[in-house]
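Trainee: Can you read through this structure? Questions will come right after.
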Amino acid sequence: MTWFYAFDLFGVAVFAITGALMAGRKSMDLFGVLVIALVTALGGGTLRDAILDNHPVSWIRNEWYIVVAVLAALGTIAWVRFTRPIPELGLLVADAFGLAVFTVIGTQVAMQQDVPVSAAVIMGLMTGVAGGVMRDIICNEIPLIFHKEIYATACIAGSLVYIVLHALPTPPGVDVTISMLAVLGIRLAAIRWHLQLPRFHLLDRDRHD
Amino acid sequence: MTWFYAFDLFGVAVFAITGALMAGRKSMDLFGVLVIALVTALGGGTLRDAILDNHPVSWIRNEWYIVVAVLAALGTIAWVRFTRPIPELGLLVADAFGLAVFTVIGTQVAMQQDVPVSAAVIMGLMTGVAGGVMRDIICNEIPLIFHKEIYATACIAGSLVYIVLHALPTPPGVDVTISMLAVLGIRLAAIRWHLQLPRFHLLDRDRHD
Amino acid sequence: MTWFYAFDLFGVAVFAITGALMAGRKSMDLFGVLVIALVTALGGGTLRDAILDNHPVSWIRNEWYIVVAVLAALGTIAWVRFTRPIPELGLLVADAFGLAVFTVIGTQVAMQQDVPVSAAVIMGLMTGVAGGVMRDIICNEIPLIFHKEIYATACIAGSLVYIVLHALPTPPGVDVTISMLAVLGIRLAAIRWHLQLPRFHLLDRDRHD
């Protein structure tokens with residue numbers, strides 16, 4: 001098992017936990033929690049693979065993705081039931097780590113199919129955030145990504161860093177490592193200092209439909 | 001026409017009716033009703049086929065799926081307009097029947113592609129419930145599946161029953177029949193006695209974001 | 001560059017603008033606006049291509065789709081910031097134009113794969129409206145298409161006109177032109193005179209679940 005594969009499974013676990021917690025806020029039953037956890041953990045990669053025609057998708061090729069997501073969700077239920085809240089900060093840091101892994105994997109998978117740079121960046125972003133967006137849509141919330149501190153921005157930056165480093169003659173593993181650290185660093189800094197990009201406000205009085 | 005194909009079209013009709021009724025609650029116009037009915041009836045199978053790379057999808061291969069869904073939606077509008085409410089219980093029983101058919105078909109299609117058991121169960125679940133989830137998301141409701149009595153649970157159980165029986169030397173048709181009866185039985189029992197799995201409650205005071 | 005390709009890019013730009021404006025109403029930040037603009041402009045065609053197994057999808061094959069959508073979104077932000085509201089009527093007319101182009105392209109792409117007429121009409125409709133539906137779902141609104149004047153109806157009519165003309169011995173370009181004008185004409189007439197199809201009302205007292 002390579003480091004990168006271990007990271008990937010860690011990302012799956014973390015996203016499954018955020019899914020299970022959101023499902024808990026909506027008072028879902030056991031299987032509802034599992035469904036939301038699976039969608040959050042595997043939705044982004046599945047969407048990417050369907051669009052890239054990259055079959056079979058990860059969790060069909062390798063059963064561990066589903067096993068890890070299900071165990072993470074069950075563990076979350078047990079933990080919250082018997083101990084009490086998961087520390088918010090721990091979760092945010094873990095989520096940032098998952099985001100970093102998924103963004104770089106998504107960009108990498110797209111690049112292997114020789115897509116243009118713009119499409120590779122979108123694939124990195126999609127892999128990183130689409131699972132969380134699906135989680136929020138199913139739970140009838142405006143996706144967190146659009147309200148939190150710098151989030152999509154971190155993915156786009158990390159994806160671009162990967163693409164640039166990958167084109168340079170760097171030693172193996174450097175492109176992946178640095179670009180993951182870029183996503184992680186930007187996201188953690190945004191959490192720590194509540195950084196936000198300026199927002200685009202359009203008042204309701206500006207509309208007439 | 002085999003029994004199973006007839007069941008499949010019946011499932012399409014039933015899900016189209018639930019879609020048309022939901023669209024009616026949102027006061028949509030004729031084509032809005034048709035769109036929601038089609039999404040509800042065909043969404044789950046389409047998602048499954050796109051993920052399994054199983055092309056062409058059912059309703060492209062065979063026009064009857066669309067015809068049946070459209071007729072069921074039009075019939076629903078006419079029925080409600082000229083007679084009054086569709087009996088809730090009749091609809092729930094029919095929906096349980098559709099769920100049973102779609103779950104078993106989804107599991108079967110996945111097994112034919114030699115996917116792992118966990119992926120086959122997810123495909124059965126997805127085929128059974130995704131159309132209804134799409135219907136509820138488009139209509140801006142928290143998907144019913146997460147609030148109703150045992151629903152995903154019935155799909156998962158039926159899918160597992162099919163996989164076990166299919167691996168055993170049973171006479172032809174037995175695996176399909178027993179597993180459909182499993183979904184139907186669990187779901188009808190849940191409706192009759194309002195059975196629920198315990199829910200996973202996470203209070204808002206447990207969150208800080 | 002053919003006229004039709006220019007129209008296609010124009011459709012992308014227009015839908016990106018409607019996405020950016022909706023994102024502005026939700027006070028998203030720069031990258032949130034870009035994401036919504038891209039989903040609105042490219043979501044319908046991507047869904048169609050994934051279902052038709054038509055790979056690579058447009059924006060992977062040709063970078064201009066992404067470039068045009070991003071520029072349109074950035075232009076919208078700048079315009080609204082420095083000048084004030086985009087005239088509602090201008091936007092509606094442009095949106096009708098985009099709808100016309102996308103509907104005809106979607107029908108055409110489906111016909112090239114020899115799908116049945118019913119599936120081709122659904123593909124035209126999907127290409128025309130799915131991006132906007134995704135935009136509204138992500139922004140947690142009931143999709144506009146189900147509340148606005150005749151919208152899906154215009155797509156379905158235009159798609160049918162294309163299919164009929166395409167089967168007849170018409171000079172090249174006539175089928176595309178007339179069917180686009182059909183969508184445009186119906187939609188503009190609906191906007192001008194607030195035409196609506198009768199709605200299917202189902203009162204909440206008719207439900208018991």
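Trainee: Please report, for C:GLN112, the nm distances (one decimal) from its label point, 7 Å out from Cα along the beta-carbon direction, to the equivalent points in the remaining copies, shortest first.
Mentor: Label point to label point, same position, other copies: 2.8, 2.8 nm.
Trainee: Now a separate question. How much net charge surrounds C:ASN62 when only other residues with a Cβ under 15 Å from its Cβ are counted (Lys, Arg +1; Asp, Glu -1)?
Mentor: Working: positive: C:ARG61; negative: A:ASP114, C:ASP8, C:ASP49, C:GLU63.
Computed value for this residue: -3.
Trainee: Continuing with the same structure: Which order do C:PHE10, A:PHE102, C:PHE82 fall in if you start with the one that has the fewest other Cβ atoms within 10 Å? The partial results should precede the final answer.
Mentor: Values: C:PHE10 16, A:PHE102 32, C:PHE82 7.
Going from sparsest to densest Cβ surroundings: C:PHE82, C:PHE10, A:PHE102.
Trainee: Let me have the 222 nm mean residue ellipticity of chain C computed from DSSP H runs of 4+ only, each contributing -39500 (n - 2.57), with the sum over all residues rounded to the nearest 500. Could you put the intermediate results ahead of the total?
Mentor: On the way: 8 runs with 151 residues, N = 209.
Helices in chain C give a 222 nm mean residue ellipticity of -24500 deg cm²/dmol.
Trainee: Follow-up question, since we're still on this one. Let a ≥ b ≥ c be the square roots of the eigenvalues of the Cα gyration tensor of the protein assembly as shown; is it rounded (a/c under 1.5), or, if not, prolate (a/b larger than b/c) or oblate?
Mentor: Details: a/c = 1.40, a/b = 1.00, b/c = 1.40.
Verdict is rounded for the protein assembly as shown.
Trainee: Helix by helix, which DSSP H runs in chain B go 27 Å or more along their axis at the Cα atoms and have an average Kyte-Doolittle hydropathy of 0.5 or more? Walk me through the intermediate numbers first.
Mentor: Numbers: long enough: B:3-25 (33 Å, 1.33); B:30-52 (33 Å, 1.81); B:88-111 (34 Å, 1.59); B:117-138 (31 Å, 1.55); B:174-193 (28 Å, 1.48).
The answer, listed by residue number, is B:3-25, B:30-52, B:88-111, B:117-138, B:174-193.
Trainee: Just to confirm a number: summing +1 for Lys and Arg and -1 for Asp and Glu over residues other than B:TRP193 whose beta-carbon lies under 12 angstrom from that of B:TRP193, what do you get? All intermediate terms of the calculation are to be shown ahead of the outcome.
Mentor: Numbers: positive: B:ARG187, B:ARG192; negative: B:GLU149.
Local charge sum for B:TRP193: +1.
Trainee: Roughly how far apart, in whole Å, are the Cα centres of region A:19-95 and region B:164-181?
Mentor: Taking the Cα centre of each part, region A:19-95 and region B:164-181 sit 31 Å apart.
Trainee: Run through the other copies and list how far each one's label point is from that of C:LEU181, in nm with one decimal, shortest first; the point sits 7 Å from Cα along Cα-Cβ.
Mentor: 6.3, 6.3
Trainee: So what's the net charge close to A:MET126: Lys and Arg +1, Asp and Glu -1, counting the other residues with Cβ under 12 Å from its Cβ?
Mentor: Working: positive: A:ARG48; negative: A:ASP49.
Here the charged neighbours net out to 0.
Trainee: On to the next question. Kindly state, to the nearest 0.05, the FRET efficiency for B:ASN62 paired with A:VAL93, given R0 = 35 Å and r defined as their beta-carbon distance. Kindly include the intermediate steps, with their values, before the conclusion.
Mentor: On the way: r = 50 Å, r/R0 = 1.44.
Calculated transfer efficiency: 0.10.
Trainee: Can you list, shortest first and in nm, the gaps between the label point of B:ILE142 and those of its counterparts in the other copies, using a point 7 Å from Cα in the C-beta direction?
Mentor: 1.9, 1.9
Trainee: In what order do A:PHE15, C:PHE4 fall by count of nearby beta-carbon atoms within 10 Å, going from fewest to most? Don't jump to the answer; show the numbers that get you there.
Mentor: Working: A:PHE15 31, C:PHE4 15.
The order, fewest Cβ neighbours first, is C:PHE4, A:PHE15.
Trainee: What is the list of residues in region C:1-35 whose amide nitrogen lies under 16 Å from a point 7 angstrom out from the Cα of C:THR170, following Cα to Cβ?
Mentor: In region C:1-35, the label zone of C:THR170 (backbone N under 16 Å from the point 7 Å along Cα→Cβ) covers C:4.
Trainee: Cut-off is 10 Å between beta-carbons; in what order do B:TRP3, C:TRP64 appear when sorted fewest neighbours first?
Mentor: Listed from fewest to most nearby Cβ atoms, that is B:TRP3, C:TRP64.
Trainee: Hey, another quick one. Please state the relative contact order of region B:87-209 as a whole percent: Cα pairs under 8 Å, 6+ residues apart?
Mentor: Details: 137 pairs, mean separation 34.4, N = 123.
The normalised contact order for region B:87-209 reaches 28 percent.
Trainee: If you don't mind, there's one more thing I want to ask. Please compute, for peptide B:143-154, the average count of beta-carbon atoms on other protein chains lying within 10 Å of each residue's beta-carbon.
Mentor: Details: counts 7, 1, 5, 13, 6, 3, 1, 3, 3, 8, 5, 1.
Neighbouring Cβ atoms belonging to other protein chains average 5 per residue here.
Trainee: So, one more: How high is the relative contact order of chain B, given as a whole-number percent (alpha carbon pairs under 8 Å, six or more residues apart)?
Mentor: Details: 282 pairs, mean separation 45.7, N = 209.
After rounding, I find 22 percent.
A short reminder: the numbers here are calculations on the coordinates, not readings from a lab. Because the structure is predicted, anything quoted here is derived from the model rather than measured. All Cβ positions, even for glycine, are placed from backbone atoms using ideal geometry, and neighbour counts span all protein chains on display.
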